[in-house]
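One structure is given here, and the rest of the page talks about it.
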Amino acid sequence: MTEGLTIRPATALDWDAIHSIFEQVVREGETYAYPMSLTSDDARDLWMEQPPGLTVVAEIDGKIVGTAKMGPNRPGHGDHIGTASFMVDATARGAGVGRRLGAYVIDWHRRRGFEGIQFNAVVASNAAAVHLWTSLGFEIVGTVPNAFRSPRFGRVGLHVMFLAL
Ligand SMILES: CC(C)(COP(=O)(O)OP(=O)(O)OC[C@H]1O[C@@H](n2cnc3c(N)ncnc32)[C@H](O)[C@@H]1OP(=O)(O)O)[C@@H](O)C(=O)NCCC(=O)NCCS
């Protein structure tokens, strides 16, 4: 299903397409605790990583259908563990774009010598994400109870998920 899909570093020219996906995901309100009132500039500061981090886009036939950002989870003595965030356009979900982005992120960390990847706040009711990360080898190391207010499910937990590399 992801034939013709390429993943490449994002450039400034990609921002409008990334922002429309970002805005859609934040508006859905089910998966990230970003403020609902971010301007495009605020969102760009949050999503477009600077080195040593990286932001990428997933593209099919020149259309951006997903994006991920990655980098050290903590500075200083915590920077041997990475982290990442993912967003796929609602119209492109379920076709393997998220899986390809996940594999890219794991490979990126491995090549740079990171010792693990930590997802800090996976919404427990986000079944697609929990399924996908588990299938890529991540484990739920703990759950902060009732830490997220889902518009659909009410208070739900936030999982910390970890993959040792
Ligand atoms: C999570 C997300 C990145 C996944 O991207 P995607 O392109 O849909 O992912 P894929 O198509 O590669 O895989 C989705 C997997 O979840 C499964 N899935 C989808 N909906 C599901 C559900 N309700 N329950 C269980 N599994 C589900 C699919 O079957 C597929 O698994 P499979 O490959 O074993 O068949 C995407 O849904 C998204 O952007 N969501 C909004 C933002 C978000 O949640 N980001 C991640 C936060 S941790």
Query raised in the report: Mind checking which residues of the stretch 93-133 are out of contact with any His (no Cβ under 6 Å at 6 or more places or on another chain), open to solvent by 70 Å² or more (accessible area, probe 1.4 Å) and either hydroxyl-bearing (Ser, Thr, Tyr) or over 23 Å from Ala147 (Cβ atoms) (or both)?
Result: Arg93, Gly94, Arg99, Arg100, Arg110, Arg111, Arg112
Query raised in the report: Phe148 versus (1) surrounded by fewer than 17 Cβ atoms within 10 Å (Cβ to Cβ); (2) out of contact with any helix residue (DSSP H, G or I) (no Cβ under 9 Å at 6 or more places or on another chain): which is the lone unmet condition?
Result: (1)
Requested in this report: Look at the stretch 101-114 and say how many of its residues are part of a helix (DSSP H, G or I) and without any contact (Cβ under 8 Å) to a residue 60 or more places away in the chain.
Outcome: 9
Requested in this report: Only one of these is touching a strand residue (DSSP E or B) at 6+ places or on another chain (Cβ under 7 Å), over 30 Å from Ala164 (Cα atoms), of a type outside the set (Ser, Thr, Tyr) and buried (at least 16 other Cβ atoms within 10 Å of the Cβ): Asp14, Asp89. Name it.
Outcome: Asp14
Report task. Could you list all residues from the stretch 18-62 that are out of contact with any strand residue (DSSP E or B) (no Cβ under 8 Å at 6 or more places or on another chain) and among the aliphatic types (A, V, I, L, M)? Result -> Val26, Met36, Leu38, Ala43, Leu46
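The values are calculated or read from the model by the stated rules, or taken from the named source; none is laboratory data. Keep in mind it's a predicted model, so treat the numbers as computed, not measured. No Cβ is skipped: glycine too gets one built from the backbone with ideal geometry, and neighbour counts run over all protein chains shown. These accessible areas exclude ligands, DNA and RNA; they are computed on the full protein's heavy atoms, side chains included. Shrake-Rupley method; radii C 1.70, N 1.55, O 1.52, S 1.80 Å.
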